[in-house]
1. Every residue in the stretch 227-270 that is over 21 Å from A173 (Cβ atoms), of a type in the set (F, W, Y) and either out of contact with any Leu (no Cβ under 8 Å at 6 or more places or on another chain) or modelled with pLDDT under 95 (or both), please.
2. Which residues, taken from the stretch 121-130, are assigned to a loop (DSSP other than H, G, I, E, B) and either surrounded by fewer than 15 Cβ atoms within 10 Å (Cβ to Cβ) or among the acidic types (D, E) (or both)?
3. Give the stretch 234-245 a look and list any residue that's in contact with a helix residue (DSSP H, G or I) (Cβ under 9 Å, 6 or more places away or on another chain) and either part of a loop (DSSP other than H, G, I, E, B) or of a type outside the set (A, V, I, L, M) (or both), or say none.
4. Within the stretch 107-120, identify whether any single residue is part of a helix (DSSP H, G or I), within 26 Å of N310 (Cα to Cα) and aromatic (F, W, Y), and answer yes or no.
5. Out of curiosity, is E16 at pLDDT 90 or above, under 15 Å from Y125 (Cα atoms) and of a type in the set (D, E, K, R)?
6. Give me a count of the residues in the stretch 213-233 that are under 19 Å from L162 (Cβ atoms), touching a residue at least 60 places away in the same chain (Cβ under 8 Å) and not in a loop (DSSP other than H, G, I, E, B).
7. Just checking, which of E324, E301, E320, E273 is in contact with a helix residue (DSSP H, G or I) (Cβ under 6 Å, 6 or more places away or on another chain) and either under 28 Å from I168 (Cα atoms) or surrounded by 13 or more Cβ atoms within 10 Å (Cβ to Cβ) (or both)?
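The values are calculated or read from the model by the stated rules, or taken from the named source; none is laboratory data. Note that the structure is predicted; figures quoted are calculated from it, not measured. Glycine gets a Cβ as well: all are built from the backbone with ideal geometry, and neighbour counts include every protein chain shown.
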Amino acid sequence: MKNKGYQRLRLNEREEISRCLAQGKSFREIAREISRHVSTVSREIRQAGMNKYTYRAARSDRRAIRNAGKRKSCKHKLGANRQLWEYVQEKLALRWSPEQIARSLKKLYPDVQAMQISHEAIYTYLYVLPRGELKKRLLKMLRRERKRRYKRKTVGRVERKLEDMISIEERPAEVADRTVPGHWEGDLLIGRNRQSALGSIVERTTRFVVLVPLQNKTAVEVRKSFAREMKSFPVQLKRTLTYDQGREMAEHKLFTRDTNMKVYFAHPASPWERGTNENTNGLIRQFFPKGTDFNKVTRKEVKSVQNMLNGRPRKTLNWENPREAIKQVLR
């Protein structure tokens, strides 16, 4: 087999593949005939729903030419505009979503069409980039890195109920409609081997995020650390906290005493009742993916991520960022 850089199959090679298939040759035999890798032959034959019985050289060649035209970077705005592409890469590095980037460009360049692009176009360009380190690095910056979804495995276990829990059903109506700021949702992001954790608290109206470094996952540590972070906020921003029924919130009554924030508990296995916090945890996982050992993450690193999240424009805030939103509340 020839040792050369990869080149796309030509029509005469496709015709040879078709003839070999008609003769009943295996993929390996065909690969030797045309001096190609067997995986190249296999992909060629199985593309677009074809197989060794239905493969047609002319049809495959037409499809290849059509797809090659779609791949040309000059057909993409980002491929033709270096300034725009550099801006997009810079914001992706800050973990902005393509939609946040597109909206930001509209505000920065309202009258310059060349510096505006839709978020769909950004996604499209990222996925048509040729395989390599650049594509790998940029896709890793997107919020959803995985290629497929997996069902969560649930293990049936009986948890002791927390003492004197107040159900989410008793929570004031103003919390649900987000008309009054100061109502928060909280949770823990669990680290590698469940040996470490990071606290997350998010304000429902402004989406302002507070990340809480923790030395461990005990109820005492969680209560003290959460209260310490919340003490820096004025009283009008400390009304309630909605949490799940995890044992780390066993000292919720002491937390209320320390902060004057009443704690309400969601129903078991009902993450949608803390939807703002669940969504925020997804954003945080961009920076601290599953498997992170939070014992090795410094407070400075944690607060740097907090600042980045609070500086990102949010669709739900009409493309303002949480830091701006919370400042407006305090005026």
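1. Hit for the stretch 227-270 is F233, nothing else.
2. Listed by number, the list holds a single entry, P130.
3. Scanning the stretch 234-245 gives Q236, K238, R239, T240, T242, Y243, D244.
4. no
5. No.
6. Residues flagged as under 19 Å from L162 (Cβ atoms), touching a residue at least 60 places away in the same chain (Cβ under 8 Å) and not in a loop (DSSP other than H, G, I, E, B) within the stretch 213-233 amount to 0.
7. E273
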